[in-house]
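A.B. asks: My structure is below; once you've seen it, I'll send some questions.
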Amino acid sequence: MVRKAKVEFDETPPEIDLNNPYADPVAFLDYREHLVREKWIQIETAKIIRDRLLWCYRVEGINHKQKCRHLVEKYLDSTRGIGWGKDARPPEFHGAESFFCVQRKLPSRAAVPLQDVPYDTVLGPQTSSRAARQLATYWGVWKQINA
C-alpha cells in the first residue's frame, strides 16, 4: 500500500435520486459526506476571516471601523446561512439584509430636524417619550431615502 501525497476530493456531489435516496446506499453516504465536507469548509473559511478581522482590529486600533469594514462585511456574508441546523431555513431568514446593513445607509440625526417629522402618523398622538421621538426621526429619514 502506498500513501498519496495529498487527499483529493470530488468537487461535485455524486449522482443521487433525492426522491428515493436509500435506493443506492453508497451514493447516499457519498452525498452526505460531500454535504458535511462542504459545510466544514464554509465554517473554517468563516473562522479564517474572523481571525483576520481580529488581527485587523488589533493593528488598526481606533481606526478599525474604517480600515476593517471590508473584513466585517466579508465575515458577515460568510456566516449567513452556515452552521449546523440552518440548512432547512429559507435564505430570507439567514439575514440577507440585516438591520445593520440598513442602518449604515441612514444619515445622521441632524439631517432631519425633529419638528419636521410628523411622528403622530407613525406612533400615534399620545407618544412623547424620547425613544419614540428618535424612532420617528429615523422613520422620517427612511421615508426620505426610499421615496
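Read-outs: derived from the displayed coordinates by stated rules, not from any lab. No experiment lies behind these values; they were computed from the predicted model shown. Ideal geometry is used to build each Cβ from the backbone, glycine not excepted, and the neighbour counts take in all protein chains shown.
A.B. asks: Distance in nm between label sites at residue 74 and residue 3, each 7 Å beyond Cα in the beta-carbon direction?
C.D. replies: 3.3
A.B. asks: Across 10 Å bins from the origin, how do the percents of Cα pairs in the stretch 1-88 run, short distances first?
C.D. replies: Whole-percent P(r) values from 0 Å outward: 14, 29, 26, 19, 10, 3.
A.B. asks: Let me ask something else about it. Non-local amide H neighbours of residue 16 (under 5 Å, H modeled in plane, Pro and chain starts lacking H): which ones?
C.D. replies: Here nothing satisfies the definition.
A.B. asks: What is the packing order of peptides 23-33, 72-82, taking the mean over residues of other C-beta atoms within 10 Å and listing the highest first?
C.D. replies: Values: 23-33: 13.6, 72-82: 16.1.
The densest-packed peptide leads the list: 72-82, 23-33.
A.B. asks: Modelling each spin label as a point 7 Å along the Cα-to-Cβ direction, I'd like the residue 43/residue 10 distance in nm, to one decimal.
C.D. replies: 2.3
A.B. asks: How large is the convex hull of the Cα atoms of the stretch 26-75 per residue, expressed in Å³ as a whole number?
C.D. replies: On the way: hull volume 2.2 nm³, N = 50.
It is 44 Å³ per residue.
A.B. asks: So, in nm, how far is label residue 18 from label residue 59 when the simple model puts each one 7 Å beyond its Cα toward the Cβ?
C.D. replies: For residue 18 paired with residue 59, the spin-label model returns 4.1 nm.
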